[in-house]
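For reference, the structure discussed in these notes is given below.
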Amino acid sequence: MFAQTIAAAALVLPFAAQVLATSSCTRSYTVQAGDICDSISAAQNVSTYQLATVNSGIDSRCDNLTPGENLCLGYTGQDCTTTYVVKANDTCELITSAYSVNSTILYGNNPQINADCTNIYIGEVLCVGGTIQAPAAGAFIPATSIPATATAAVPVTTTYSSAAPTPTDDGDDDDLPWCDEL
């Protein structure tokens, strides 16, 4: 079994490398003194998730940015530029309503959000585009930590996952394309 797994990986790796090599950076940014992921994301209209995923060298606390460092902001076909900065008392329901996107699209573009939407934090930049544009989860899967923009006065739990949450059926049809009626 192990040998079959190694053989399968040996066949897949060249194709994965080819896909990565053909992805081109559509926008870039040069890190300035005092920058943090959320400030870059807000100023450059890129979700915090997308910034971290596209730049696998960014650590889970986003405290390893170096002035002068060049960051990619998005790849061709996976560059969400329609963003929203989370404010106090925001919920996923309020955000989806304000931007006329369904929860499937919101969670697809922001797979770090848990199923109950209880881990979004003030200052986090979310993709609120009308189609799924998020890059595939890469090496960046933050550990449980408080983001650099969160303050001690705000109770925040940020647990990220590379898996998109499973939407729940609340009886309405605004969460399509999840079809639950025949």
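The values are calculated or read from the model by the stated rules, or taken from the named source; none is laboratory data. As the structure is a prediction and not an experimental result, all values here were calculated from the model. Virtual Cβ from ideal backbone geometry, glycine too; neighbours counted across all protein chains shown.
List the strands (runs of 3 or more DSSP E) that sit entirely inside the range 35-137 and contain at least 1 residues that are in contact with a strand residue (DSSP E or B) (Cβ under 6 Å, 6 or more places away or on another chain) and among the aromatic types (Phe, Trp, Tyr).
Numbers: elements: 70-75, 83-85, 125-127.
Those strands (runs of 3 or more DSSP E) span 83-85.
Looking only at the range 30-71, which residues are at pLDDT 95 or above, among the small types (Gly, Ala, Ser) and within 17 Å of Leu126 (Cα to Cα)?
Result: Ser39, Ser41, Ala42, Ala43, Ser47.
Can you tell me which of (1) under 19 Å from Leu126 (Cβ atoms); (2) of a type in the set (S, T, N, Q); (3) at pLDDT 95 or above is the one Gln78 doesn't meet?
Checking Gln78 against (1) under 19 Å from Leu126 (Cβ atoms); (2) of a type in the set (S, T, N, Q); (3) at pLDDT 95 or above, the one that fails is (3).
Test Asn89 against the stated conditions and say whether it is closer than 14 Å to Ala134 by Cα, at pLDDT 95 or above and of a type outside the set (Phe, Trp, Tyr).
Judged against the criteria, Asn89 is not a match.
Picking from Gly57, Gly34, Gly68, which residue would you name as being surrounded by fewer than 21 Cβ atoms within 10 Å (Cβ to Cβ) and in contact (Cβ under 8 Å) with a residue 24 or more places away in the chain?
Gly68 is the lone residue from the list that is surrounded by fewer than 21 Cβ atoms within 10 Å (Cβ to Cβ) and in contact (Cβ under 8 Å) with a residue 24 or more places away in the chain.
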